[in-house]
Amino acid sequence: MAKYTGPKTKIARKFGEPIFGPDKYLERKNYPPGEHGAARKRKKQSEYGIQLAEKQKAKYTYGVLERQFRNLFKRAQRSKGVTGVELLQLLEARLDNVVYRMGVSPTRAGARQLVNHRHITVNGEVVNIPSYQVKKGDIIGVREKSKSLLVISESLSTNHSNKYAWLEWDQETLTGKFINIPEREEIPENIQEQLIVELYSK
């Protein structure tokens, strides 16, 4: 599957947020990229421009390309809940995102790679599809043969803590439980989902 492989700090500087995770370079240069980045005055964005930027930020944050993102939006529209909230909940329930939230990888890109390389199981079965939708009660774990991987042990030693109310993690067995779909106020991402809804509703 295609994925964004360009300069991540440049994208983060564009939005003024560390959307790909901690970024020391962004901390030093927290202004837009380009020759006159620090001094250049930003043009006033149109309503469409603001909405488009919010959608792009959400796509880059979760590592989802346009077609996949649009399909998730259509699925959110068909649900009974609030479309914008449903969209974020669908993004949060992606397997690669859950692996990242559980601390198995320090980044979503790293989590996606672990899933692609068959290091992750769901309910005891290997799943290598990053976009797989995790359901309430599912048990996500590290494959037995992969438990000794340095990249996983290092990430768990520095990143893991049961800080998300909708997830449980057992450090001894390297398995976690997806307790329930998170409420909007539990999702920490700085995304104004209503702007995305307005963009797709035009």
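The numbers here are math on the coordinates, done by the rules we state, and not lab data. Since the model is a prediction, treat every value here as computed from it, not as a measurement. Ideal geometry is used to build each Cβ from the backbone, glycine not excepted, and the neighbour counts take in all protein chains shown.
The order of ASP138, ASP96, ASP170, going from fewest to most other C-beta atoms within 10 Å of their C-beta, is ASP170, ASP138, ASP96.
Here the label points at ARG70 and GLU168, each 7 Å from Cα along the C-beta direction, are separated by 4.1 nm in the simple model.
Around the amide H of TRP169, modelled in the peptide plane, lie the amide H atoms of LYS177, all under 5 Å away and 5 or more residues distant in sequence or on another chain. Overall, the ratio between the Cα radius of gyration of region 94-180 and 2.2 N^0.38 Å, rounded to two decimals, is 0.92. Placing one equal scatterer on every Cα of region 74-129 and applying the Debye formula, the log10 ratio I(q)/I(0) at q = 0.16, 0.17, 0.25 Å⁻¹ is -0.54, -0.59, -0.88.
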